[in-house]
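Worksheet: one structure, shown below.
The values are calculated or read from the model by the stated rules, or taken from the named source; none is laboratory data. Small disclaimer: the values here were computed from a predicted structure and weren't measured. Note that each Cβ is placed from the backbone with ideal geometry, even for glycine, and that neighbours are counted across all protein chains shown. In case anyone asks, the SASA skips ligands and DNA or RNA and just uses the protein heavy atoms, side chains included. Shrake-Rupley method; radii C 1.70, N 1.55, O 1.52, S 1.80 Å.
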Amino acid sequence: MIISMKLHSTKQEIEQVCERIREFGYKIHAIEGEERVVIGAVGMGDVTHCLESIEAMPQVEKAVRISAPYKFVSKEYRSERTRIRVNGSEIGGDDFIVMAGPCSVESEKQIMQAAEGVAQAGAKLLRGGAFKPRTSPYDFQGLETEGLKLLAKAKAATGLGIITEVMSDRDVELVAEYADVLQIGARNMQNFTLLKTLGKCNRPVLLKRGMSCTVKELLMSAEYVVAHGNPNVILCERGIRTFETITRNTCDIAAVAALSELTHLPVVLDPSHATGKRSLVPALSRAAVAIGADGLLVEVHPAPEKAMSDGAQSLDIPQFRKMMQELQPYISLWKESRVPEVAAAI
């Protein structure tokens with residue numbers, strides 16, 4: 001439930017309400033706001049009785065039950081957009097953020113060339129997998145810790161933030177030492193042990209939609225992370241598995257708009273995994289901007305024909321640079337569309 005205090009409530013008045021909430025068996029999840037304090041409460045108590053009791057307190061303006069099963073990631077809980085600061089950039093804010101780089105870190109030369117190329121083209125974060133989940137046990141699995149060190153070296157050279165995948169709860173602490181954003185791949189979207197561990201981590205999390213999962217299930221997975229203490233979650237649509245075979249996955253572009261209605265969390269699109277074809281990536285990237293996504297996660301490789309994974313869907317650096325230039329008119333319109341939202345929030 002959400003409890004809105006009256007303007008300029010004192011600390012003592014706020015604590016009285018918090019104590020009353022605890023008496024009903026609920027936990028205080030968050031207190032936010034400057035002039036008006038909003039208290040979030042979760043638990044398994046008697047909601048109706050608790051709401052009636054809390055609303056009767058003179059310092060409370062209103063108390064509302066959150067109807068969505070995903071409580072803290074819903075717009076019922078927070079109407080304004082969540083803005084996530086990452087290495088000097090803000091995802092979910094006034095800039096369209098592009099994260100780009102190879103599927104996997106293969107060598108120092110490869111990741112440095114990729115980092116320099118995407119940075120010059122306008123990307124703000126470098127993506128690259130040090131740990132790689134592969135369908136076949138005989139495929140390249142990543143350089144692991146050595147890959148993380150190479151990503152750190154690329155960051156030092158270019159200033160780009162780092163986003164890389166973490167596959168196991170036991171690796172969270174290690175990956176967090178090197179990465180600015182921890183990515184959860186589609187196969188791990190419902191790895192609840194991992195999600196709980198990420199809730200205790202101080203790094204933002206990019207959560208990819210599972211290949212056969214619904215939008216509601218994606219939001220429930222995000223709820224795991226937020227409910228366990230980490231509010232900085234970025235949602236990623238990357239295509240779902242359907243009967244269609246012309247593309248690697250079927251991009252549910254409508255999910256981007258739907259998520260923007262349902263949650264305050266930033267939403268980005270991965271056009272590379274959604275299509276599996278580099279020729280389709282620019283068009284889908286334009287669609288992502290047009291429909292209101294907060295950013296892109298794009299695969300870029302210095303030599304896609306030599307890539308050890310996902311070469312067919314990776315842009316080379318000139319192609320990425322061209323795409324970024326072609327996106328600019330769309331991004332200008334995207335920024336204009338955000339102005340009314342900012343004014344309404346004020």
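Table for the structure above
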quantity: Among V298, V256, V38: highest mean-square fluctuation, GNM of the chain, C-alpha pairs under 10 Å; calculated: V38
quantity: Selected from A123, A115, A30 as most flexible by GNM, with the chain as the system and alpha-carbon contacts under 10 Å; calculated: A30
quantity: Centroid-to-centroid separation of the range 39-87 and the range 191-254 [C-alpha atoms, Å]; calculated: 23
quantity: Set K155/K216; K132/K153; K75/K322; K27/K335 screened for pairs whose C-alpha atoms are more than 30 Å apart; calculated: K155/K216; K75/K322; K27/K335
quantity: Most to least accessible of H49, H301 (protein chains only, probe 1.4 Å); calculated: H49, H301
quantity: Sequence-distant aspartates and glutamates (8 or more away, or on other chains) whose Cα lies within less than 18 Å of K6; calculated: E15, E19, E32, E34, E35, E52, E55, E61
quantity: Gyration tensor verdict on the range 270-341 (Cα atoms; rounded if a/c is under 1.5, prolate if a/b is larger than b/c, oblate otherwise); calculated: prolate
quantity: Estimated 222 nm signal from helices in the chain, with DSSP H stretches of n ≥ 4 weighted -39500 (n - 2.57), rounded to 500; calculated: -12000 deg cm²/dmol
quantity: Cα-based convex hull volume of the range 70-168 per residue, rounded to whole Å³; calculated: 127
quantity: Set of aspartates and glutamates near K124 by C-alpha distance (under 16 Å), chain-local residues within fewer than 8 positions excluded; calculated: E90, D94, D95, E116, D180, D270, D294, E299
quantity: With DNA, RNA and ligands ignored, accessible area of S337 (1.4 Å probe; Å², nearest 10); calculated: 60
quantity: Zone residues, the range 6-26, relative to V64, backbone N less than 15 Å from point 7 Å out along Cα-to-Cβ; calculated: 6
quantity: Residue-span extension gain [L7 to T214] - 0.36 nm each, minus C-alpha spacing; calculated: 70.6 nm
quantity: Low-density loop positions, trypsin sites (Lys or Arg not before Pro), the range 9-94 - DSSP coil, at most 13 other Cβ in 10 Å; calculated: R36, R65
